[in-house]
Amino acid sequence: MKIDIQKLVRKNILNLKPYSSARDEFEGENGIFLDANENPFGELNRYPDPYQRKIKQKLSAINQISADNIFLGNGSDEVIDLAFRIFCEPRKDKVLTFSPTYGMYDVSANINNVELINLDLNEDFQIDLETLKPYLKDENLKIIFICSPNNPTGNSIKNIEYILENFNGIIFIDEAYIDFSPKESFRNQIKNYENLIVSQTFSKAWGMASVRVGIAYASEEIIKFYNKTKPPYNISQLNQNAVLETLNDENIKLVQENIKLILNEKKLLIESLLQLKLVKKIFPTDANFILIEVENADWIYQKLVDENVIVRNRNSVIKNCLRITVGSPEENLKLIETLQNLN
Ligand SMILES: *Cc1c(COP(=O)(O)O)cnc(C)c1O
């Protein structure tokens, strides 16, 4: 089924005449640049490439995806926010999420004054398709957000194919943790579904959270609307440089080794947590964190803080649950020792 992306886009964005920067109008690298009111002196005096072409070329080669199917945002948070701005008419359109999940979908919905329908995941933290089905026909439902592996539960979400086959709005799959997962990315499915956005990030497996660069893979049509709507220079030259330096063979190997190390630490951490009486349950995880159920999460959280070990208390979202990021071997040891003393 052919989906008309333009029909999903807000009228004002469809009609928007985007800001045309000096760097849009003249693309060459050599010349005497007197077009952008920049300072001729200094090292960081020039505006950066608004479309981050060098990074996209590298990502394109690494992932065998055309650069025209890639958008880069100031963190995934910008990728999420732009989806609202492009597709959701405030006070009219809606989005849908499955909770518990990442908090930014809700915050972005509120900022953009867009109604958020929140369906609970089932006991196994999976989507209940029967509950979802009636919503798929709602014409004002513009985006379904699916976080997989899901934060804060850690599991991969099943039945995404069903939603891709049966929903004509935008399906936004947040794969922030995909590089830790044995499951395949949906990135390669953008060929088959022009209404699919797959977001990834340099913040987690790539170890560059401070750099603030998120990625969206989507049909050329969607990417065009992203480029049209984004702030002109949304990724600074410093941040582009940091990413470019990471995208070489040697560094990629290092990143992959670190992922292996983190996954091995995760295994060890789970084994140690299983030995502890105060741990009631360890939920299955495909990410670099572990959700555990304990007897009294607030109390354990505070005891850990007292020992300078900070985990995420998710008690308000999932009763008596803590989310623990897998740290370095030393950090994990300190966590386990602290918990053993509380046991
Ligand atoms: C950490 C995380 C991100 C990353 O956000 P950035 O803005 O790219 O740092 C995105 N989605 C989820 C679910 C996350 O947990």
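Bear in mind these aren't lab numbers, they're just calculated from the coordinates by the rules spelled out. What you see is a predicted model; the values in this text were computed from it and never measured. Cβ coordinates were reconstructed from backbone atoms using ideal geometry, including for glycine residues, and neighbour counts include every protein chain displayed.
Worth a mention:
- P(r) of the range 251-342 over all Cα-Cα pairs, binned every 10 Å from zero, in whole percent: 16, 51, 25, 7, 0
- Scalar couplings 3J(HN,Hα) for the range 62-76, obtained by applying the Karplus form with A = 6.51, B = -1.76, C = 1.60 to θ = phi - 60°, are 5, 9, 6, 10, 4, 4, 6, 9, 10, 10, 10, x, 6, x, 4 Hz; x denotes Gly and Pro.
- Once both labels are positioned 7 Å from their Cα atoms along Cα-to-Cβ, the gap between LEU274 and ASN192 label points is 3.5 nm.
- Fraction in percent of alpha-carbon pairs per bin - 20 Å, the chain: 28, 54, 18, 1
- Entries of LYS281/LYS303; LYS2/LYS183; LYS2/LYS137; LYS133/LYS319; LYS56/LYS228 with Cα pairs more than 24 Å apart: LYS2/LYS183; LYS133/LYS319
- Long-range amide H partners of ASP174 with built H, under 5 Å: ILE146, CYS147, SER148, SER199
- As a length-normalised measure over Cα pairs under 8 Å and 6 or more apart, the relative contact order of the range 251-342 settles at 28 percent.
- Beta bridges by DSSP in the chain, antiparallel share as percent, to the nearest 5: 50
- ³J(HN,Hα) computed for each position of the range 242-247 - Karplus, 6.51 cos²θ - 1.76 cosθ + 1.60, integer Hz, glycine/proline x: 4, 5, 4, 5, 7, 7
- Whole-Hz ³J(HN,Hα) from phi, Karplus 6.51 cos²θ - 1.76 cosθ + 1.60, for the range 273-286, glycine and proline x: 5, 4, 6, 8, 5, 6, 8, 8, 7, 10, 7, x, 9, 9
- Computed [θ] at 222 nm, helices only, for the chain once each DSSP H run of length n ≥ 4 contributes -39500 (n - 2.57): -10500 deg cm²/dmol
- Principal-axis tilt of helix 329-342 within the chain, Cα atoms, nearest 10 degrees: 40
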